[in-house]
Amino acid sequence: MTFLAPLGRALQLCLVSYVAVAVLYTTQYVVLVPTVRVLYSLLTTSVLGSEGRSSVPDSLGKSYGLSPRSSDTHSAVTLGNEILSNLNWPEGLSSDELLYWPSSTLSATLGMNHSGFTPILEETFLSKAFSQSMHPTRIIPYYYKASGSVDPDDVTITTLVTSNRFKVFKQLVENYQGPISATVHIPFPLHVSSATLDSNHPSIIALRSLNSLYHSSPHFSTHVDVHLALSPFATVARSGSGSALDVEPGEGEGGRQFNVWRNVARLFARSEFVLMLDVDFAVCTDWRGAVRAALKMTDAKQPSDQASAELGAYSLGSNATLGISDVAEQLRTGKIALVVPAFEYAKQDDGLDQRTFPRSKEDLLRLVRTSPPTITSFHASWAPGHNSTDYTRYYSLLPDSGEVYKVTHYQNAYEPYVITSKRVTWCDERFTGYGGNKAACLFEMYLSGVSFYVLADHFLIHQSHKYEEEARREERKYNRKLYADFKEEACLRYIERHVHAVTLHTPAGVIVQDECKKIKNVARIAAQLVGG
């Protein structure tokens, strides 16, 4: 029986070890984790302002612990396959991150702010924010976040970038030297991590190239916020190896979710005003300074002066010109959009080097008036896209006039590059690929009551590049039908809205009626709604 004593002691040791492990496990998940969460909630509650609203610091937002998130250039520069693999990228990024929402000002004032900040999973928030995107599409906000502060009254360029546009992206960043919010699309396969991909896989190459790009100029880390859009739809996301930089991402398979990417860039822009711009345009004049100065003037005006200026802008005839400061208050409230006229070189080879582009309206006009013209309006062969800008009138106004004029002949294919408040309507995310996507953004903006005013002193010039014509033809064929359906839906929504609000007689209601009567399938239903 003596052999049972050691066996008993061994069993005792196993039992004690099991109990110890169980206690540690229970302590961690039943005591420590809830305690940390309670303390964290108390900490977040303590940052409430005097009115109960939160000015949540960055530390209460989200931090993935991934080097690209950091403003530390040295740590980010080391990003490579090893770090990506160790973090099981991208699965380890944001699956359990929380965003925190405060109670309303009223509930806090009434002493009802018992719960402090309410958490919501970031993944849940983003899935709702971009619910119309093709799934699965994964959005990673602020993959790189700029270190520079942003004035709320500044103008952030919002743009979308694919890996074959990195070169012009850098030129835009170095030329603008102001806030930029860019959505970068990275094709990435489903159900894999970077550790399982070959080092020559296009997705890994694209990530490495993005990292090198971001650290190639100090203007990136100072001014540019980069948000990733990961999707498995492009062919390069499924290929075994090769260069992602040599392939047009998307290839007609739903990878080019332009409106989703536009919405991402605008949502996470850190100023109240944005310019929706394609990455391959050169910023040639200081429209940013002009807009900021005009907005600053509105801050100095009395409320009565602002009301008079707003009324004056709407009461003047269609041929009147105004100063930009006359419409700045409407820009602030989301009632107007400022058009920056777009141009391109008549010969593609002349438009390859941004350093040769004109930088003043006087120089631009000289090139427009050569015979034959060296520079023309953007996509002049497709008149509906930009002709509502009224280039003839633009040319007639003297340089440095400081004037703006209203777009009076809007048509539903109009797709200019516009400066707006972030609060205007969002882009419909059903559009993928070329054709109709930006026009849909502007069409709904117009139906919502936004007027377009052209900046008479300013312009943008397209940098020449080859177009993927075959893909564009196929995608435009699909989007032509989608845009027709979208216009009908939008018209019915806005007519019904004005009928219920009894605002059909207002300028905004009349615009909706006039525009929607042009659509054959809507005219009869619209007449019934208006008549009712």
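The values are calculated or read from the model by the stated rules, or taken from the named source; none is laboratory data. This structure is a prediction, so every number in the text was calculated from the model and none was measured. Please note: Cβ atoms are built from the backbone with ideal geometry, for glycine as well, and neighbour counts cover all protein chains shown. Please note that ligands, DNA and RNA were not included when accessible areas were found on the heavy atoms of the full protein model with its side chains. Shrake-Rupley method; radii C 1.70, N 1.55, O 1.52, S 1.80 Å.
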Using θ = phi - 60° and the Karplus curve 6.51 cos²θ - 1.76 cosθ + 1.60, what whole-Hz ³J(HN,Hα) does each residue of region 258-269 get, with Gly and Pro shown as x?
4, 6, 4, 5, 4, 5, 4, 4, 6, 4, 9, 5
Summarise the accessible area of region 373-500 (1.4 Å probe, protein heavy atoms) by the percent that is carbon and sulfur.
52
Integer Hz, Karplus 6.51/-1.76/1.60 couplings in order for region 498-512, x for Gly and Pro:
5, 4, 5, 8, 6, 10, 5, 7, 6, x, 5, x, 5, 4, 4
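Listed here are the pairs K347/K438; K128/K170; K347/K481; which of them are more than 30 Å apart at the Cα?
Working: K347/K438 25 Å; K128/K170 32 Å; K347/K481 32 Å.
Check vs 30 Å cut-off fails for K128/K170; K347/K481.
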Checking rank on 346-354, 507-515, with mean other Cβ inside 10 Å and highest first, the result is 507-515, 346-354
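Quick check: with the 1.4 Å probe, what order do H379, H505, H386 take by accessible area, largest first? Show your work: numbers first, answer last.
Details: H379 50, H505 140, H386 5 Å².
Highest to lowest solvent-accessible surface, that is H505, H379, H386.
Heavy atoms only, 1.4 Å probe, whole protein assembly: order K145, K477, K296 by accessible area, highest first.
On the way: K145 60, K477 120, K296 150 Å².
Ranked list, largest accessible area first: K296, K477, K145.
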Could you provide, to the nearest whole Å², the per residue accessible area of region 384-511 with probe 1.4 Å?
42
Solvent-accessible area of E329 with every protein chain in place, 1.4 Å probe, in Å² to the nearest 10
30
Residue by residue through region 429-446, the couplings from Karplus 6.51 cos²θ - 1.76 cosθ + 1.60 with θ = phi - 60°, in Hz, x for Gly and Pro, are 8, 6, 7, 10, x, 7, x, x, 5, 6, 4, 5, 4, 6, 5, 5, 4, 5
What accessible area, in Å² to the nearest ten, does a 1.4 Å probe give for T506?
40
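Can you tally the net charge around L267? Count Lys and Arg as +1, Asp and Glu as -1, for every other residue whose Cβ sits under 14 Å from the Cβ of L267. Spell out each step's value before the answer.
Details: positive: K128, R262, R266, R270, K422, R423; negative: E122, D225, E272, E429.
Residues close to L267 contribute a combined charge of +2.
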Would you kindly find the accessible area of S181, with a 1.4 Å probe and non-protein molecules such as ligands, DNA and RNA excluded, rounding to the nearest 10 Å²?
0
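When only the heavy atoms of the protein chains count and the probe is 1.4 Å, how do R208, R138 rank by accessible area, highest first?
Details: R208 90, R138 60 Å².
My answer, sorted largest first, is R208, R138.
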